[in-house]
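Below is one structure, written out as structure tokens, with a few remarks after it.
Each reported figure results from applying straightforward, stated rules to the coordinates on display, with no laboratory input. Being a predicted model, the structure only gives us computed values, none of them experimental. As a convention, Cβ positions derive from the backbone with ideal geometry for all residues, glycine included, and neighbour counts pool all protein chains shown.
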Amino acid sequence: MRCSGADARTIAARVFRSGEALRDRVATYGEIIDVDGAVIDRGLALAMDAPRTVTGEDVVELHVHGSPVVARETLRALLHAGARAAGPGEFTRRAFLNGKLDLSAAEAVADVIDAESRAAARAAQANLAGALRDAVDGVRAALSSVLEELAGAIDYPDEVPEPARERVHALVGEVDAKLDALIGDWERGRFVREGLSLAIVGPPNAGKSSLLNALLGEERAIVSATPGTTRDVIEESFAIDGVAVRVLDTAGLRASDDAIERSGIERARRALDGAAVALVVVDGSQALDADARAVLENTRSRARVVLFNKRDLGAAGYDARDDGERDALSGTVFDGAAVDAVRRAVAAAGWHGESLDFARPHLASARQADAVARAREALAHARVTLAAGEPVDLIVPELFAAVAALGEITGAAATEAVLDGIFSRFCIGK
Ligand SMILES: Nc1nc2c(ncn2[C@@H]2O[C@H](COP(=O)(O)OP(=O)(O)O)[C@@H](O)[C@H]2O)c(=O)[nH]1
Ligand SMILES: [Mg+2]
């Protein structure tokens, strides 16, 4: 339990009893007591004096046993002793307001908490360490130095020469290229942040549920020789190269008279529409029937991976495949190598097999991407003005706009509304 603020030590003294006084940054063993002095738990108190703390304020942490009852009673004792419960993200917000971290690092705290995959966690840690702030500050500094030169030339036209048009033009171009790279990473990084959605579709009995189980490495879905077994959409997730993949196993696509099966098929179609990548499974051992042909046909124009399954039983379907399925995989879901080939093909279709090294600075939220987009828009105007041979100082408002937009990322120019939006994402206690 963390207490932060000027009264942290006073409040701690009311709920923590020990023979020794609390010393800065030293763990002290003692009793957590309620308002009547009864012992709730025994544990450690850790006092950390401002400003070298996570929030920049005096902090006392009580380390108690992990029982919900002990936690609740300790919280009750703290509230009774004069503390108030923190709002979502309030500690991180105070840390930001006290200059302990910039806004991009604060957002990264929420991302670290939310990270569902190894890749996402690594990426969030990079921004937490200040990678994005450094990149953005570098760009802002470059633009600001041009602004200073321009301002000097405007204020003292006789003494300060106007900066050379070519140099300013080149610099604005360089800055824009850096921002362009950030936006590119943002788009590619969608998979790291959100994971990839994958829908397994195909005719009944093709082996879709068997493939889901093979990808997960567990018997998640019912596999049966009876066609039409899977009726609801089953959602699970697994990882490829550290990227979270949300996979949907669906009912076999075929014409059916059964009302329940038909609504399952309807759900399957919706899952297919919403998925980034389709994983099409057909029985490759026998000649393709109308259902198999239809699903191959209907998914041809989208990102997909095709597996001609049941190769152990024959290859009639695979051998007779059309041009559109030339690069389809063939094998059996019972063969680990074939399942690995499916994983690799999904990565290729999903994120082009690009290695997603997000240890480098990257935009981590739509808010940040929007700020960069607005900065780029302003810079585009500036470049048009420069290219048209207009006076160089006409680009001052555009450069100001770009610097301000970028400032929203690190919090140098964030409004209260922006802060509310960011910190409402947090859970309480962070
Ligand atoms: N021989 C063979 N049988 C398979 C293969 N894949 C799935 N099956 C069998 O085909 C039947 C239907 O599989 P299932 O995964 O339920 O198909 P779904 O309807 O597409 O989900 C089951 O009896 C599976 O054991 C395969 O590669 N080879
Ligand atoms: Mg199934």
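Things to note:
- Residue order, fewest to most surrounding Cβ atoms within 10 angstrom, among TYR29, TYR318: TYR29, TYR318
- Extent along principal axes [Cα atoms of the range 93-161; Å; largest to smallest]: 59, 26, 12
- Percentage of interatomic Cα-Cα distances in the chain larger than 33 Å: 57 percent
- The range 81-188: relative contact order as a whole-number percent, Cα under 8 Å and 6+ apart: 16 percent
- Positive minus negative residues near ARG52 (Lys, Arg vs Asp, Glu; Cβ under 12 Å): -2
- Approximating the spin labels as points 7 Å out from Cα along Cα→Cβ, the CYS427-to-GLU187 distance works out to 3.5 nm.
- Using C-alpha pairs under 8 Å with a sequence gap of at least 6, the mean separation divided by the residue count of the chain gives a relative contact order of 17 percent.
- Cα-based radius of gyration of the range 2-85 once divided by 2.2 N^0.38 Å, which approximates compact folds: 0.99
- FRET efficiency estimate (nearest 0.05) - Cβ-Cβ, ASP158 to ARG118, R0 51 angstrom: 0.25
- Placing unit charges on the Cβ atoms only, positive for Lys and Arg and negative for Asp and Glu, gives the range 2-85 a dipole magnitude near 100 debye about its Cα centre.
- Share antiparallel - DSSP beta bridges, the range 193-351, percent rounded to 5: 30 percent
- Over all projection directions, the Cα-based convex hull of the range 143-214 averages an area of 8.4 nm².
- Calculated mean residue ellipticity, 222 nm, the chain: -15000 deg cm²/dmol, from DSSP H runs (n ≥ 4) at -39500 (n - 2.57) each, averaged per residue and rounded to 500.
- Fully extending the segment from ALA412 to ALA315, taken as 0.36 nm per residue of separation minus the present Cα-Cα distance, adds 28.6 nm.
- Loop-located trypsin sites (Lys or Arg not before Pro) in the range 257-346, at most 12 other Cβ atoms within 10 Å (DSSP): ARG326
- For the range 193-351, relative contact order (Cα pairs under 8 Å, six or more residues apart, normalised by length) works out to 25 percent.
- Antiparallel DSSP beta bridges within the chain, as percent of all bridges there, nearest 5: 60 percent
- Pairwise Cα distances in the range 86-228 exceed 17 Å for 75 percent of all pairs.
- When both the range 246-323 and the range 340-412 are represented by their alpha-carbon centers, they are found 39 Å apart.
- For GluC sites (Glu not before Pro), the sites in the range 1-80 that DSSP calls loop and that have at most 13 other Cβ atoms within 10 Å are GLU20.
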